[in-house]
Amino acid sequence: MVRKYSEIFVSRLGGPLLAETLTSGLSDPDRHRLTKIMRSRQYEKGDSIFSTGNVPDEIVVLANGTAELIGGADERNVAMGELFGLTETLAEAKFCTSMIAVTDCEVNVIGRDDLIEYLRSTPEACFRSLAAVAENLHHAQDKAAEDA
């Protein structure tokens, strides 16, 4: 099956993308601004946290509990602190997998508009996010070529 270029795959070239990877090295004021735009959301066991085919309007970080990815090539348990939707949110692309709460879960989310404003005003976070998006796009291109 040939993948559409609009499909973005969660990059696993070196493991999960952890929120800490994008925030380490940020100044205390930049970290504080980030926590101010972050919202917490609760999910019960069995709830869908995000679904295949949806275009997200926020990034999601697993803060507590157990969740799993299903329905894609990367079915597995989700690591605590793992970040999802960065590439999809910025590119306004569909998720190619779903995340389901295996236990009651808490996730932290940042809406697209808040994320973009934060990245515009925080060069270091913008650079780290750009590197992660570029890796995801490179991985998506490789997957598309494999499936061709």
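I'd like to know if the range 51-65 contains one or more residues that are in a helix (DSSP H, G or I) and either at pLDDT below 90 or of a type in the set (Val, Ile, Thr) (or both). The answer is no, given that none of the residues of the range 51-65 is in a helix (DSSP H, G or I) and either at pLDDT below 90 or of a type in the set (Val, Ile, Thr) (or both).
Looking across the range 96-108, the residues that are surrounded by fewer than 23 Cβ atoms within 10 Å (Cβ to Cβ) and under 28 Å from Phe127 (Cα atoms) come down to Cys96, Thr97, Ser98, Glu106, Asn108. When residues in the range 92-129 are screened for being under 16 Å from Val60 (Cα atoms) and of a type in the set (D, E, K, R), 7 of them pass. Which one of these is within 26 Å of Tyr118 (Cα to Cα) and crowded, with 21+ Cβ neighbours inside 10 Å: Val60, Val55? Selected residue: Val60, the only one of Val60, Val55 that is within 26 Å of Tyr118 (Cα to Cα) and crowded, with 21+ Cβ neighbours inside 10 Å. Among the residues making up the range 70-79, those that are surrounded by 14 or more Cβ atoms within 10 Å (Cβ to Cβ) and either at positive phi or not acidic (Asp, Glu) (or both) are Ile70, Gly71, Gly72, Val78.
Looking across the range 85-99, the residues that are in contact with a strand residue (DSSP E or B) (Cβ under 6 Å, 6 or more places away or on another chain) and either among the hydrophobic types (A, V, I, L, M, F, W, C) or in a loop (DSSP other than H, G, I, E, B) (or both) come down to Gly85, Leu86, Phe95, Thr97, Met99.
Glu68 meets each of the listed conditions (1) within 25 Å of Ala144 (Cα to Cα); (2) modelled with pLDDT under 95 apart from (2). Scanning the range 100-116 for residues that are without any contact (Cβ under 8 Å) to a residue 60 or more places away in the chain and either of a type in the set (Gly, Ala, Ser) or in a helix (DSSP H, G or I) (or both) returns Ala101, Arg112, Asp113, Ile116. The requirement of being surrounded by 16 or more Cβ atoms within 10 Å (Cβ to Cβ), in a strand (DSSP E or B) and modelled with pLDDT of 95 or more is fulfilled somewhere in the range 38-48, by at least one residue.
The values are calculated or read from the model by the stated rules, or taken from the named source; none is laboratory data. In this text, all values refer to a predicted model and were calculated from it rather than measured experimentally. A quick note on method: Cβ atoms are made from the backbone with ideal geometry, for glycine too, and the neighbour counts reach across all protein chains shown.
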